[in-house]
Amino acid sequence: MSPGKHWLDQPNNIKLLWRGFLLVLALTVVAEFAVRLHPHFEIEGLFGFHALYGFVACALMIVVAKGLGLFLKRPDSFYAEDGRDE
Amino acid sequence: MSDTLILHPALILIAGALLLPLLRGTARNVAVLLAPTLALIALWLMPEGRVWEVSWLDYQLAPLAVDKLSRLFSTIFALMAFAGGLYALRQESRLEIPAAFLYAGAAIGVALAGDLVTVFVFWEVMAVGSTLVLWSANTKTAWSASLRYAMVHLAGGVILFAGVTGHLLATGDAAFTRMQPDSVAHWLILIGFLINAGAPPISAWLPDAYPEASWSGTVFLSAFTTKTAVYVLIRGFPGTEILIWIGLFMVFYGIVYALLENDMRRILTYSIVNQVGFMIAGIGIGTEMALNGASAHAFTHIIYKALLLMSAGAVLAATGRRKCSELGGLFHSMPLTTICGIIGALAISSFPLTSGFISKSMISQAAADGHLQTVWLLLAAASAGVFLHAGIKFPWFVFFQKDSGLRPADPPASMRWAMILFAFLCISLGVWPEPLYALLPYAVDYVPYTAAHVLTQLQLLLFSGLAFFVMLDYLKRTPTITLDVDWSWRKAGPAAARGVAAIWRRLSKALSEFLSAKVTSISDLVARHRKPGGLLLRSWPTGNMALWVMVMLLAYLVFYYVGNGNGNA
């Protein structure tokens with residue numbers, strides 16, 4: 001590591017972090033074999049349900065936000081234009 | 001009686017607020033930390049029950065009534081006043097801390113009120129205190145935001161007042177107990193409460209006003225108004241089903257708007273609406289588990305949201321910037337702020353071993369216990385969304401992402417210690433939840449740490465983290481704002497008013513031109529007839545006169561018969 005440069009600035013370390021993150025993701029799913037879940041609802045008992053649900057729900061929310069943004073986004077000087085409201 | 005009056009925790013804090021402007025230097029700093037501490041001690045020395053009762057008109061009021069629920073909320077309000085005061089010690093505005101203590105004292109006053117009249121009085125003091133906190137930012141934007149803020153809260157106060165008055169007239173009882181939304185008065189009370197909770201349709205006052213306060217002001221603002229609303233809803237309207245759906249709407253509204261937002265503190269204020277949504281949904285479910293969950297979540301939320309806003313405030317104070325698109329890479333020079341911000345972010349996301357995990361999960365558990373599958377699924381999706389919009393987005397764009405080249409140092413000691421205190425509480429409540437559980441209004445029959453719960457929560461959160469980084473291109477910050485309902489009173493309302501005024505001006509001009517022409521012609525006519533030989537100055541024949549008198553007498557006769565006929569019928 002060159003002096004003055006944080007270890008988080010090194011591309012190699014970022015790659016390592018990504019690999020570690022993916023490994024942890026895989027582990028949390030695989031661990032379902034070892035841990036007995038107590039599903040309250042049928043759907044909860046599906047293998048890897050929470051992982052899939054978390055991902056899909058977030059992807060959906062991002063897409064919805066993006067779509068809504070097409071209609072509702074304005075430049076951040078929008079309210080400043082009438083001059084009374086800097 | 002008089003000694004209990006002096007020891008009212010709310011009045012201690014408010015007295016502190018009034019004394020502070022007289023003090024300077026160390027004495028003032030000590031007083032800032034002492035006032036909330038004394039309030040906390042007074043609170044815990046208080047026995048349960050209606051400690052102080054007075055008669056007012058025909059009503060029995062209890063300005064000081066203590067039970068577990070009110071003690072829980074008063075405790076966190078006092079704690080918040082302490083940490084906020086510590087954080088704001090170096091605030092240059094001399095108005096801000098006194099205003100914040102007035103605000104916090106009033107919040108405690110609401111929590112300890114045993115009757116609706118006292119609730120209303122402190123409710124209004126809160127509106128005044130919070131508006132003063134906004135003013136002390138002393139900027140033009142804060143000033144105009146504070147006017148909009150005050151307008152919404154004064155309107156909310158009027159609605160609440162109407163409801164309380166109606167309730168008093170109908171029942172003759174001022175006591176603040178459980179109500180049903182079964183009359184106009186109770187609906188008005190419910191609406192008044194919900195306005196302060198940031199519920200739709202006028203939630204926009206919150207992200208409009210809060211981010212305009214000073215670097216320390218927003219920390220205070222985040223804590224009291226919405227959580228007092230949660231408190232009064234828990235006491236007044238538990239199990240009101242519509243609250244479930246209002247809460248779920250708030251949860252997703254907060255996420256979507258926070259995802260679109262560029263201002264770091266506005267992201268966090270949208271996330272207040274989101275978090276309060278969880279609590280409101282819990283109140284709507286209304287079981288003991290759900291109400292415990294809502295209370296616990298309010299307690300932990302105040303701590304981690306304040307922590308998040310403290311770290312954002314430290315960034316704002318050091319850089320003067322608040323837009324994500326202008327920040328980034330601050331972890332290089334602000335390690336402590338980064339770590340505290342991340343702890344707050346993990347806690348709001350309910351990561352295991354943080355305070356959010358042991359509080360929010362009780363609300364989901366209550367939904368599962370009640371077999372409310374749709375509600376449960378939506379709450380789970382929302383939990384994932386919290387990690388997305390606040391848990392990763394805030395620390396990522398402020399402290400990491402691209403390097404903005406900014407190298408500000410960590411903040412001064414008073415701010416650092418306030419952050420460390422709340423970061424410590426976020427972790428310790430997560431690791432050791434029993435003390436908090438013991439304070440909850442109902443006995444807790446819930447174990448947060450089971451292998452299944454930890455595992456499913458980790459799956460949910462980590463995979464939403466994956467979604468964030470996979471879809472990062474969609475989340476790129478743009479220098480934009482997103483229209484909210486405040487557009488209706490900032491743009492549409494004024495534009496409509498201007499339009500109506502313009503139409504009115506044109507109409508009245510046309511009308512006055514038309515009328516003045518008419519008047520001129522009539523006055524010409526009159527003038528003509530007042531000349532010799534005109535209608536008014538010539539002599540009239542007597543027969544004419546007699547004819548008109550006869551017509552009038554006939555008309556009189558007709559009216560007499562018509563009137564009499566009706567009277568007899």
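The values are calculated or read from the model by the stated rules, or taken from the named source; none is laboratory data. The structure displayed is predicted, hence computed values, not measured ones. So basically every Cβ, Gly included, is an ideal-geometry build from the backbone, and we count neighbours across all protein chains shown. These area figures cover heavy atoms from the full protein model, side chains too; ligands, DNA and RNA do not enter into them. Shrake-Rupley method; radii C 1.70, N 1.55, O 1.52, S 1.80 Å.
At q = 0.05, 0.06, 0.07 Å⁻¹, what base-10 log of I(q)/I(0) does the Debye formula yield for the protein assembly as shown when every alpha carbon is treated as an equal point scatterer in vacuo?
After summing over all Cα pairs, the log10 values are -0.30, -0.40, -0.50.
Tell me, what % of the accessible area of the range B:332-379 is carbon and sulfur with a 1.4 angstrom probe?
73
Output wanted: per-residue J couplings in Hz (rounded whole) for the range B:285-301, from phi through Karplus 6.51 cos²θ - 1.76 cosθ + 1.60, θ = phi - 60°, x for Gly and Pro.
Once rounded to whole Hz, the list reads 5, x, 6, 4, 4, 5, 5, 4, x, 4, 5, 4, 5, 4, 4, 5, 4.
Restricting things to alpha carbons, tell me how big the range B:280-348 is in terms of Rg and Dmax, in Å.
Values for the range B:280-348 (Cα only, Rg and Dmax): 16.0, 47 Å.
Over the range B:272-419, what relative contact order in percent results from Cα pairs under 8 Å that are six or more residues apart?
35
Under the rule of at least 5 residues apart or a separate chain, name every residue whose amide H is placed under 5 Å from the amide H of B:Ser214.
Placed amide hydrogens put B:Ala137 under 5 Å from B:Ser214.
How long are the semi-axes of the equivalent ellipsoid of the range B:210-331, taking √(5λ) for every eigenvalue λ of the Cα gyration tensor, in whole Å from largest down?
Ellipsoid semi-axes (Å, largest first): 30, 14, 10.
Which aspartates and glutamates does B:Lys402 reach when only Cα atoms under 14 Å apart count, and residues fewer than 8 places away in its own chain are ignored?
Leaving aside aspartates and glutamates fewer than 8 places away in the same chain, those within reach of B:Lys402 are A:Asp9, B:Glu326, B:Asp473.
Normalised by the residues of chain B, what does the relative contact order come to in percent, with Cα pairs under 8 Å and at least six apart?
Value for chain B: 12 percent.
With springs connecting C-alpha atoms under 10 Å apart, model chain A as a Gaussian network and identify which of A:Arg36, A:Arg74, A:Arg19 has the largest mean-square fluctuation.
Looking only at A:Arg36, A:Arg74, A:Arg19, the largest GNM fluctuation is found for A:Arg74.
Have a look at B:Trp540, B:Ile503, B:Leu515 and report the one farthest towards the positive end of the charge dipole of the range B:492-569, computed about the Cα centre with Cβ charges (Lys/Arg +1, Asp/Glu -1).
Checked the options; the winner is B:Ile503.
Work out the P(r) tail for the range B:241-292: percent of alpha carbon pairs separated by more than 14 Å, whole number.
49
Could I have the simple spin-label model distance between B:Leu147 and B:Arg50, label points 7 Å from Cα toward Cβ, reported in nm to one decimal?
4.4
What are the ³J(HN,Hα) values, in whole Hz, obtained from phi via the Karplus relation 6.51 cos²θ - 1.76 cosθ + 1.60 with θ = phi - 60°, for each residue of the range B:8-25 in sequence order, with x given for Gly and Pro?
4, x, 5, 6, 4, 5, 5, 4, x, 4, 6, 6, 3, x, 7, 9, 9, x
To the nearest 20 debye, what is the magnitude of the charge dipole of the protein assembly as shown about its Cα centre, counting +1 on the Cβ of each Lys and Arg and -1 on the Cβ of each Asp and Glu?
In debye, rounded to 20, the protein assembly as shown gives about 2360.
Provide a list, ordered by number, of residues in the range B:469-487 showing at least 30 Å² less accessible area with every protein chain present than when their chain is taken on its own, using a 1.4 Å probe.
Hits at the 30 Å² cut-off: B:Phe469, B:Met471, B:Tyr474, B:Pro479, B:Thr480, B:Ile481, B:Leu483.
Hey, what does the equivalent ellipsoid look like for the range B:398-455, semi-axes from the Cα gyration tensor as sqrt of 5 times each eigenvalue, largest first, whole Å?
35, 18, 8
Just to confirm, what accessible area per residue do you get for the protein assembly as shown at 1.4 Å probe, in whole Å²?
44
Just how large is the dipole of the range A:1-60 about the Cα centre, in debye to the nearest 20, putting +1 at every Lys and Arg Cβ and -1 at every Asp and Glu Cβ?
Dipole about the Cα centre, nearest 20: 320 debye.
Going down the list B:Lys140/B:Lys227; B:Lys227/B:Lys476; B:Lys323/B:Lys360; B:Lys323/B:Lys476; A:Lys73/B:Lys305; A:Lys5/A:Lys66, which pairs span over 24 Å between their C-alpha atoms?
In this structure, B:Lys140/B:Lys227; B:Lys227/B:Lys476; B:Lys323/B:Lys360; A:Lys73/B:Lys305; A:Lys5/A:Lys66 lie more than 24 Å apart at Cα.
For B:Lys509, give me every one of the lysines with a C-alpha distance below 21 angstrom, ignoring sequence neighbours fewer than eight places off in its own chain.
B:Lys518
Whats the longest run of chain B with zero GluC sites (Glu not before Pro) that are DSSP loop and have at most 13 other Cβ atoms within 10 Å?
Longest site-free region, per DSSP loop and neighbour criteria: B:242-569.
For a quick size check, give me the Cα extents of the range B:344-389 along its three principal axes, largest first, whole Å.
31, 19, 10
Can you tell me how the range B:446-498 classifies by the Cα gyration tensor, rounded, prolate or oblate, using a/c under 1.5 as the rounded cut?
oblate
Over what distance in Å are the Cα centres of the range B:396-460 and the range A:52-71 separated?
Using only Cα atoms to place each centre, the spacing works out to 26 Å.
Taking only C-alpha pairs under 8 Å that are 6+ residues apart, what is the relative contact order of the range B:270-340 in percent?
The normalised contact order for the range B:270-340 reaches 22 percent.
What is the Cα radius of gyration of the range B:445-562 over 2.2 N^0.38 Å, N being its residue count?
Here the answer is 3.02, to two decimals.
For the range B:59-107, just say rounded, prolate or oblate: build the C-alpha gyration tensor, square-root its eigenvalues into a ≥ b ≥ c, call rounded for a/c under 1.5, and beyond that prolate if a/b exceeds b/c, oblate if not.
oblate
How large is ³J(HN,Hα), in whole Hz, for each residue of the range B:452-464 in order, when computed from phi with the Karplus curve 6.51 cos²θ - 1.76 cosθ + 1.60 and θ = phi - 60°, using x for Gly and Pro?
For the range B:452-464, the Karplus-derived couplings read 5, 5, 4, 5, 5, 5, 4, 4, 4, 6, 5, 6, 6 Hz, x marking Gly and Pro.
Compactness ratio of the range B:50-183: Cα Rg over 2.2 N^0.38 Å, N = residue count?
1.18
Starting from the Cα gyration tensor of the range A:1-76, take the square roots of the eigenvalues, sort them a ≥ b ≥ c, and report rounded, prolate or oblate (rounded when a/c is under 1.5, otherwise prolate if a/b is larger than b/c, else oblate).
oblate
How much FRET efficiency would the formula 1/(1 + (r/R0)^6) give for B:Leu511 and B:Leu23, where r is the Cβ-Cβ distance and R0 is 45 Å, rounded to 0.05?
0.10
Determine the distance separating the Cα centre of the range B:283-353 from the Cα centre of the range B:1-80; give it in Å without decimals.
Comparing the Cα centres of the range B:283-353 and the range B:1-80, I get a distance of 27 Å.
In whole Å, what are the extents of the range B:130-259 along the principal axes defined by its C-alpha atoms, from largest to smallest?
46, 30, 20
Could you state, as a whole-number percent, how many of the C-alpha pairs of chain B are farther apart than 32 Å?
Everything past 32 Å amounts to 50 percent.
Whole number please: convex hull volume per residue of the Cα set in the range B:307-451, in Å³?
124
If you place +1 on the Cβ of every Lys and Arg, -1 on the Cβ of every Asp and Glu, and leave all else neutral, what size is the dipole of the range B:261-338 about its Cα centre, to the nearest 20 Debye?
That gives the range B:261-338 a dipole magnitude of about 260 debye.
With the solvent-accessible surface defined on protein heavy atoms using a 1.4 Å probe, which residues belonging to the range B:319-353 display a reduction of at least 40 Å² in accessible area in the multichain context relative to the isolated chain?
B:Phe331, B:His332
Enter the buried accessible area of the A/B pair, total of both sides, probe 1.4 Å, in Å² rounded to the nearest 100.
4900
Taking H placed 1.01 Å from N in the peptide plane, check which residues at least 5 places from B:Ile481 or on another chain put their amide H under 5 Å from its amide H.
Residues meeting the amide H criterion: A:Arg74, A:Asp76.
Give me, ordered by chain and number, the residues 5 or more places off B:Trp52 or on other chains with an amide H under 5 Å from its own placed amide H.
B:Leu64
Loop only by DSSP, 11 or fewer other Cβ within 10 Å of the Cβ. Give me the trypsin sites (Lys or Arg not before Pro) in the range B:370-475 that pass, ordered by residue number.
B:Lys402
With a cut-off of at most 12 other beta carbons within 10 Å, and DSSP calling the residue loop, which trypsin sites (Lys or Arg not before Pro) in the range B:474-569 qualify? Please list them.
Taking the range B:474-569 and a limit of 12 other Cβ atoms within 10 Å, the loop trypsin sites (Lys or Arg not before Pro) found are B:Lys476, B:Arg530, B:Arg538.
For the range B:355-428, what ratio Rg/Rh do Cα atoms give with a Kirkwood hydrodynamic radius?
1.14
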